[in-house]
2 protein chains.
Amino acid sequence: MLTYDLSERGSTPIYEYLARRIREAVLTGELPAGERLPSKRALAEHLGISVITVEAAYAQLEAEGCILASPRRGYFVAEAALGPRVSAPEAPPAPCAGPRHWELDLRGSRVDTSRFPVAAWARLTRQVLSEGGGALLSPVPHQGLRPLREEISAFLAGYKGMSAPPERIVVGAGAEFMYIMLAQLMGPGAAVAVEDPGYPKIRQVYSRSGARCIPLPLDGGGVSPEALRASPARSLHISPSHQFPTGLVTPVPRRQALLRWAEETGGYIIEDDYDSELRFSGKPLPTLQSIDGAGRVVYMNTFSQTISPSMRIGYMVLPPELMDRWLRELDFYSCAVPALEQHVLARFLSGGHYERHLARMRKEYRSLRSDVLSAFRSSPFAGRIEIVERGAGLHFLLRLDTDLPDSELRDRADAEGVRLAFLSDYSAAHPAPEHTLVISYAGLSREQLPRAMELLDRVFRK
Amino acid sequence: MLTYDLSERGSTPIYEYLARRIREAVLTGELPAGERLPSKRALAEHLGISVITVEAAYAQLEAEGCILASPRRGYFVAEAALGPRVSAPEAPPAPCAGPRHWELDLRGSRVDTSRFPVAAWARLTRQVLSEGGGALLSPVPHQGLRPLREEISAFLAGYKGMSAPPERIVVGAGAEFMYIMLAQLMGPGAAVAVEDPGYPKIRQVYSRSGARCIPLPLDGGGVSPEALRASPARSLHISPSHQFPTGLVTPVPRRQALLRWAEETGGYIIEDDYDSELRFSGKPLPTLQSIDGAGRVVYMNTFSQTISPSMRIGYMVLPPELMDRWLRELDFYSCAVPALEQHVLARFLSGGHYERHLARMRKEYRSLRSDVLSAFRSSPFAGRIEIVERGAGLHFLLRLDTDLPDSELRDRADAEGVRLAFLSDYSAAHPAPEHTLVISYAGLSREQLPRAMELLDRVFRK
């Protein structure tokens, strides 16, 4: 058993000290690759510390790729050496680079990228490359490649009826990068209201970027204008077309009320339209940006949900006043998206590939979604669940009739190799109801469904 | 002549109001494409405002792509319509997207990308794409693709004798993005000492990201440890191998003194090694990171200088303590570099293409540099200049014996279609000497040199 004198750690937190000592043992070879580590509980007892502390140390080592977690088997020293690797560049990716493998992952934001027309993308890439180094090497305007902004403008006009001239579009390296830019645009200490429950990265990025996040609770229509007026917020970040994680759709009168708030207070609304292309039934509501007559809305979206999260491209449409401010204050930032991707994406849009891909995805996800919902509705636990969904997006809510607290459900799921997300995971200030799961189904396959229901039945069992 | 009632502008600054009115006139077609705008001086007189105000309005409209500046001919309404463009996706990039064309640009950070082995890069890209969608679509660890970090680690070991295990490398979307991450890692309000004169983006990004920049003057060895100790800074951002813009190389004893400061105060040194691959004579000094025994140095570099600025890929090597902090606090950020570029760059490194490319670039730039220096030394103004250079990098200093102030030299250069940079442009708090030009020669061709000397002679003429 690993034995360390914890009194030697000085002011270092125990978990950090423990992680460091284990890391050293791995680096020196004292703990050889493949060696099984003691269970969290056993090591905690042995060292006289809490299980949570050992868990934190193991989690850190796992994140570093130093150890591997294997569901139901425990923790092992990773295969790859950790020292500087000077030779053997042809080696396959070290196994320690991967995250934990789950038999069933209902939390992953993975979209099923097998639906992506790789061949078309590859062909366009080859086409751009065959035209010489220009596309690869010539400088890109800081706002993003002009032809790409024109295509995005045309797409927004055709697909969503939005008026978004290329001059007011800024291309950015994914949603997180754009949150940083918006925080910098709003200035240090800006008070930004965010949805609670909500997508945690929004709060994390804004807070890290110097903004002050004010979580506001949601009623049946989203953020309430009264709560907003009572708060010190001057900006509001929302996803009115399909809120994450609740799935709420903000109705038109509420949208108008929020716009009135912005006009009257000189505030801004950031409309984060992250998955609005994936609506499966009903007519989409017009975006806030299209009914904003006063230039108070920033519209933002990415290609992560619809193409791939590993292609970091998104864009913002800024209202005239903020666009002027961006040009004055932030135009020194180079566009962080490589030129090649911008050229290829522009052609992917102009050639109609993107719209065709969206149509296919909607069709396939609609059908997958329906199969997933059927599987739940005919599962052994069907009588104890209620499904809340609005015919949109890649997730829905599932309310479970149970006495078990969420933490207990999660422990059970963990032991079965099942990754779950709870509504309560996404709440900051306002406690969310227990026993409500957020089911992200985009990474599932139909073949997996019987086994998935079997695993969930074990987790949910009384 | 454009006539506007400036009293209608309310509290809007004049330049902004003027820009808005001209923009409207362009949008409505009142000012048709190709139309010449009045000269700055003429419009200023006509409206009874200062030339500087008109200049600010024109600069903004130019940045927006609304108007074009043509050297010695004036300003023109840009060709492209500004409204949302819904059709004609095959149109070539609108001319209004481009920046001003200079006959001679000695300020540009453009590297000569014609030297880049586009064919090899394209081949590797095709190879990665031919292996299916995996490289395009599968998720990338937040620190960056493991094989890429391994290759960077091997490159740093082989090329610079550095020990930088892949576990402590973070891949980022270019230098600016990494400055943001470092500011967030150091925490809000962190006091960061920066070189003065220095690369302006460092100050801009840090300040916008909530850090407090403390510009410190440079003596013959760089930042002085005494000035550092007298300042409230807890971090220091420097380029000891070849400072921009002075070209200073920090000698070893000074490096050791700076490391002592970091050790004694618990501070960090950010070693921004932006162009150290381009040393043309003498032996490179070891990096600060390699002589740092106490884990106080963050090493950072990009591929912008050596491959292309439009491929936004850089990396940081964090010391253990900061790496732990990054994993705890910032690992929620996705890697902002697309997966495809990471795969291709990893192969570009492992196949030896990068080292061969560096060797070729060094050879070609060495020869170009020598021709540029000869051209200056045999120019009509050779007797009035002193060249300051250290056999490294893509720029050098040129001291001109003149009575003209820098502003007058710039105006003259402007009129000749010549873009100049002065040492005084890069100073924040500590005034830099006048009459010292920063010559960036990487974008020049040999053929251009006679004409360049002719143009400069006109600018420098007494």
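A few comments on the model shown:
- Criterion applied to A:Phe381, A:Phe348, A:Phe376 was being modelled with pLDDT of 95 or more and under 21 Å from A:Trp121 (Cβ atoms), and the one residue passing it is A:Phe348.
- B:Ser153, sole failed condition from (1) over 22 Å from B:Ser276 (Cα atoms); (2) in contact with a strand residue (DSSP E or B) (Cβ under 8 Å, 6 or more places away or on another chain): (1)
- Enumeration of residues in the stretch B:144-177 that are more than 9 Å from chain A (Cβ to nearest Cβ) and assigned to a loop (DSSP other than H, G, I, E, B): B:Gly144, B:Gly161
- Close pairs (9 angstrom Cβ cut-off, 6 or more residues apart or separate chains): without any contact (Cβ under 8 Å) to a residue 40 or more places away in the chain in the stretch A:311-332, polar (S, T, N, Q) anywhere: A:Met311/A:Ser304; A:Asp324/B:Gln60; A:Leu327/A:Gln143; A:Leu327/B:Gln60; A:Arg328/B:Gln60
- Some residue of the stretch B:192-202 being away from chain A (no Cβ under 14 Å), open to solvent by 10 Å² or more (accessible area, probe 1.4 Å) and either touching a residue at least 12 places away in the same chain (Cβ under 8 Å) or in a helix (DSSP H, G or I) (or both): yes
- Filtered residue count, the stretch A:285-315, keeping only those that are under 17 Å from A:His395 (Cα atoms) and open to solvent by 10 Å² or more (accessible area, probe 1.4 Å): 3
- Residue in the stretch B:225-239 that is part of a loop (DSSP other than H, G, I, E, B) and more than 21 Å from B:Met181 (Cβ to Cβ) present: yes
- Condition check for B:Leu136: among the aliphatic types (A, V, I, L, M), under 30 Å from A:Pro117 (Cβ atoms) and at the interface with chain A (Cβ under 9 Å from one of its Cβ atoms): yes
- Restricting B:Phe460, B:Phe422 to those that are aromatic (Phe, Trp, Tyr), in contact (Cβ under 8 Å) with a residue 40 or more places away in the chain and either over 22 Å from B:Tyr365 (Cα atoms) or open to solvent by less than 10 Å² (accessible area, probe 1.4 Å) (or both) reduces the list to B:Phe460.
- Residue match in the stretch A:395-416 (condition: of a type in the set (D, E, K, R) and within 24 Å of A:Arg203 (Cα to Cα)): yes
- Residue in the stretch A:223-231 that is buried (at least 21 other Cβ atoms within 10 Å of the Cβ) and either under 19 Å from A:Tyr426 (Cα atoms) or of a type outside the set (A, V, I, L, M, F, W, C) (or both) present: yes
- Of the listed requirements (1) of a type in the set (Val, Ile, Thr); (2) closer than 27 Å to A:Ala154 by Cβ; (3) within 22 Å of the chain's Cα centre (by Cα), A:Val388 misses just one: (2).
- For the stretch B:168-189, the set of residues classified as more than 21 Å from B:Ile307 (Cβ to Cβ) and either open to solvent by 20 Å² or more (accessible area, probe 1.4 Å) or of a type in the set (Phe, Trp, Tyr) (or both) consists of B:Arg168, B:Met186, B:Pro188, B:Gly189, listed by residue number.
- The lone exception for B:Ala392 - which of (1) at pLDDT 90 or above; (2) crowded, with 20+ Cβ neighbours inside 10 Å it fails: (1)
The values are calculated or read from the model by the stated rules, or taken from the named source; none is laboratory data. Values in this document were obtained by computation on a predicted structure and should not be read as measured data. With ideal geometry, Cβ positions are generated from the backbone for all residues, glycine too; neighbour counts draw on all protein chains shown. For the accessible areas, the whole protein counts, side chains as well, though only heavy atoms, and no ligand, DNA or RNA atoms are used. Shrake-Rupley method; radii C 1.70, N 1.55, O 1.52, S 1.80 Å.
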